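Presented below is the structure to which this report refers.
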Amino acid sequence: MSKDKNPPDKNPPDKTPPEEGTPEKEVRIYSLATTANECIIFLEELGGNRLLPIWIGIAEGQAIAIRFSGIVLPRPLTHDLLLATVTAVGFTVHKVVVHDIRENTFYARVLIKKGAQSLAVDSRPSDAIAVAVRAGCPIFVEEKVFDRCQTLTKPITEDEVKRFKSELKTLKPEDIFGDLKKKKEEGPESRKEDEKDEEADS
């Protein structure tokens with residue numbers, strides 16, 4: 001689990017040559033939790049039980065939450081302006097895709113279309129999702145992103161939901177980063193041994 005951690009003026013553009021993609025899984029917003037100085041957005045895998053948590057900024061979290069709260073603002077916010085601009089030049093927002101994670105930072109693209117023309121715009125996941133909820137377009141996560149970070153399992157029973165919400169109050173990015181770093185240092189051979197142990201226990 002990682003976070004969309006870069007502030008707007010320091011977010012690095014995605015200049016890495018695109019690698020071969022992996023299957024995309026459609027997701028939807030499961031919940032949005034607020035901590036002291038940031039938000040955590042949980043993306044729920046449709047047709048599955050995985051939750052992908054991404055830390056985002058307070059402003060971006062508010063921009064997403066406003067869309068679901070039914071609050072009508074007198075003037076457009078930044079994401080409203082972006083969507084209006086895309087629409088004004090004849091494009092529609094087709095979908096957004098969280099397509100990669102590198103050095104604990106997620107990367108996303110906003111795919112826009114105009115007739116036969118299609119463009120992919122580099123974006124932070126938080127901004128892409130804020131645009132998606134306004135455009136009413138689907139949100140996808142590439143399978144390799146699920147594979148590269150630690151996901152959570154969606155709680156089912158009421159007790160699991162209560163415990164899940166309680167754990168969110170103390171959950172910090174470093175809790176996950178440390179676990180991911182440990183797995184990376186252990187290497188593939190150690191992970192294979194863990195898998196063997198799990199099979200033996202089952």
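Just so you know, all these numbers are worked out from the coordinates, no wet-lab data involved. Note that the coordinates shown come from a computational prediction; the quantities given were computed from them, not determined experimentally. Note: ideal-geometry Cβ built from the backbone for every residue, glycine included; neighbour counts use all protein chains shown.
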Leu77 versus Arg148, label points 7 Å from Cα toward the beta carbon: distance in nm?
-> 2.8 nm
Can you give the net charge of the other residues whose Cβ lies under 12 Å from the Cβ of Cys137, counting K and R as +1 and D and E as -1?
-> +3
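Report the full-extension gain for the segment Ser118 to Asp159: residue separation times 0.36 nm, less the Cα-Cα distance, to one decimal in nm. Working shown, then result.
Numbers: separation 41, 0.36 × 41 = 14.76 nm, distance 4.56 nm.
Answer, rounded to one decimal: 10.2 nm.
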